[in-house]
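Peer 1: Got a structure for you, questions after.
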Amino acid sequence: MPARLPVIDALKGIGSQLIVLHHLAFYGPMSDVVSPFLGGVVGWLSANGRIAVQVFLVMGGYMAARALAPHGRANFESPLSVMIRRYKRLSIPYAIAIGVAIVAAALARHWADFDSTPAKPSLYQLFANLLMVQNIVGQDSLSAGLWYVAIDLQLYCGLTALLWLASCQSGQWLAPMLVVIGMTASLFYFNRAAAFDIWGIYFFGSYGLGALTWWATTSKRPITMATLIAMIVTLALILDFRTRIAVALAVAALLFASSMVRPLQGSEASQTGVERFFAWLGRISYSVFLVHYPICLLANAGVTRFFADNHLANGLGLILALIASTLAGAAFHRHVELRFSVGASRLPAENAAATAIR
């Protein structure tokens, strides 16, 4: 398996921080207090911060293709076992994070109940969240962003199924062709209809773009393949311009260019302090995603209870919430994610997509 690119860690680290800032801006109430003093920053983060999901969609497809079919042909025999391993890898930290979110919401309701505080869950809602089908069955998520873990599971399983279907043919062209068809269908139809946004096919345009980007880097004619992929995405944007798809194309182009230059990640001793910092942020990004909202919820509740209209206290609260979310994510990564991911999957580095937003 090839070494990973430093740009992946940088994108994951920056994306995870942007997600935390988006949720702090979108849900308030601290951001509501300081918003008049920050120009349009809070409004921009609230409205556009979620675009970071495209980073993880593209990287998710890129790394899944790299792990499951590095040369365009599936390197596994049982798709079901691959899907089960994926669920285990995602679900154990996810379930623990749901427990943290439930406790945090109960404390927040006691201190200062506000609109973005989740209500006490029913058993049906809890089981729907644990099974990652909450949006499909019409139940609210128990923490912000959990929807994306469910979508990631759908996308990964869908790609696994396509690769398995393609493995019946001896060549290496069928799997990329099936992904091209799925990506095109998503970009030209499903991604243009909001009713599909609870299903993986809505996001497969970006995810498939990531997978095809990986295969382009390993093909005999990488520039030609990358150009053809970019043309399909560009035609979809001409038909219906969507900022999220334009961002996905830009991320794919960055991944492709970086892989062509081959600035592969060296030993930690050879890295600069900035590179080590982004590598650290990238490693903990899934855990930051899982636990940041309960931390932000408690910060909002505490500041609102004691300093409701104090602009300085609310501004400092936002900064401390961002820092605390990152540190909590680091602790969760060390004591939960790493511990329970051991043995859950034998496929390397495949959880890039599991860091996201809403």
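The values are calculated or read from the model by the stated rules, or taken from the named source; none is laboratory data. Small disclaimer: the values here were computed from a predicted structure and weren't measured. Glycine also receives a Cβ, built like all others from the backbone with ideal geometry; neighbour counts cover every protein chain displayed. Just the protein is used for accessible areas: all its heavy atoms, side chains included, with ligands, DNA and RNA removed. Shrake-Rupley method; radii C 1.70, N 1.55, O 1.52, S 1.80 Å.
Peer 1: If you take the square roots of the eigenvalues of the alpha-carbon gyration tensor of region 1-63 and sort them as a ≥ b ≥ c, do you get rounded (a/c under 1.5), prolate (a/b over b/c) or oblate?
Peer 2: prolate
Peer 1: Here is a follow-up. Given the rule -39500 (n - 2.57) for each run of at least 4 DSSP H residues, summed and divided by the residues of the chain, what is its mean residue ellipticity at 222 nm, to the nearest 500 deg cm²/dmol?
Peer 2: That calculation yields -23000 deg cm²/dmol at 222 nm.
Peer 1: Place a label point 7 angstrom from the Cα of residue 221 along the Cα-to-Cβ direction, then list the residues of region 154-175 whose backbone nitrogen is under 15 Å away.
Peer 2: 173
Peer 1: Can you tell me the convex hull volume per residue for region 10-118, based on C-alpha atoms, in Å³ to the nearest whole number?
Peer 2: Cα-based convex hull of region 10-118, divided per residue, equals 126 Å³.
Peer 1: Quick one: accessible area per residue over region 1-145, 1.4 Å probe, rounded to a whole number of Å²?
Peer 2: 42 Å²
Peer 1: With +1 on each Lys and Arg Cβ and -1 on each Asp and Glu Cβ, and nothing else charged, work out how big the dipole of the chain is about its Cα centre, in Debye to the nearest 20.
Peer 2: 820 debye
Peer 1: Using 5 Å bins from zero, what percent of all Cα-Cα pairs in region 289-342 falls into each bin?
Peer 2: 4, 21, 25, 17, 12, 9, 6, 4, 2, 0
Peer 1: Tell me the per residue accessible area of region 173-228 using a 1.4 Å probe; a whole number in Å² is fine.
Peer 2: 44 Å²
Peer 1: Moving on to the next point. Place a point 7 Å from the Cα of residue 71 along the Cα-to-Cβ direction; which residues of region 200-231 have their backbone N under 16 Å from it?
Peer 2: Within reach of a label on residue 71, which here means backbone N under 16 Å from a point 7 Å along Cα→Cβ, region 200-231 contributes 215-221.
Peer 1: How are the alpha carbon pair distances in the chain distributed across 20 Å bins from zero to the largest one, expressed in percent?
Peer 2: Reading upward from the zero bin: 30, 58, 12, 0.
Peer 1: Per-residue HN-Hα couplings for region 206-223, Karplus 6.51 cos²θ - 1.76 cosθ + 1.60 at θ = phi - 60°, whole Hz, x for Gly and Pro?
Peer 2: 6, 5, x, 4, x, 4, 5, 5, 4, 5, 5, 5, 9, 7, 6, 10, x, 5
Peer 1: For region 151-256, what does the alpha-carbon gyration tensor say about shape, rounded, prolate or oblate, given a ≥ b ≥ c as the root eigenvalues, a/c under 1.5 as rounded, and a/b over b/c as prolate?
Peer 2: Here region 151-256 falls in the oblate category.
Peer 1: Which ³J(HN,Hα) values, rounded to whole Hz and listed in residue order, are derived for region 320-334 from phi using the Karplus coefficients 6.51, -1.76 and 1.60 in 6.51 cos²θ - 1.76 cosθ + 1.60 with θ = phi - 60°, glycine and proline given as x?
Peer 2: Those phi angles translate into 5, 5, 5, 5, 5, 5, 5, 5, 5, x, 5, 5, 5, 4, 6 Hz.
Peer 1: Taking Cα atoms of region 126-207, Rg/Rh with Kirkwood Rh, to two decimals?
Peer 2: Ratio of gyration radius to Kirkwood radius for region 126-207: 1.06.
Peer 1: Run the simple label-point estimate for residue 316 and residue 334 please: 7 Å along Cα→C-beta, distance reported in nm.
Peer 2: 2.7 nm
Peer 1: Given a 1.4 angstrom probe, I'd like the percentage of the accessible area of the chain that is carbon and sulfur, rounded to a whole number.
Peer 2: Answer for the chain is 67 percent, counting heavy atoms of protein chains only.
Peer 1: Something else about it: List the pair-distance distribution P(r) of region 76-164, using every Cα-Cα distance, as the percent of pairs falling in each 10 Å bin from 0 up to the bin containing the longest distance, rounded to whole percents.
Peer 2: 16, 42, 27, 11, 4, 0
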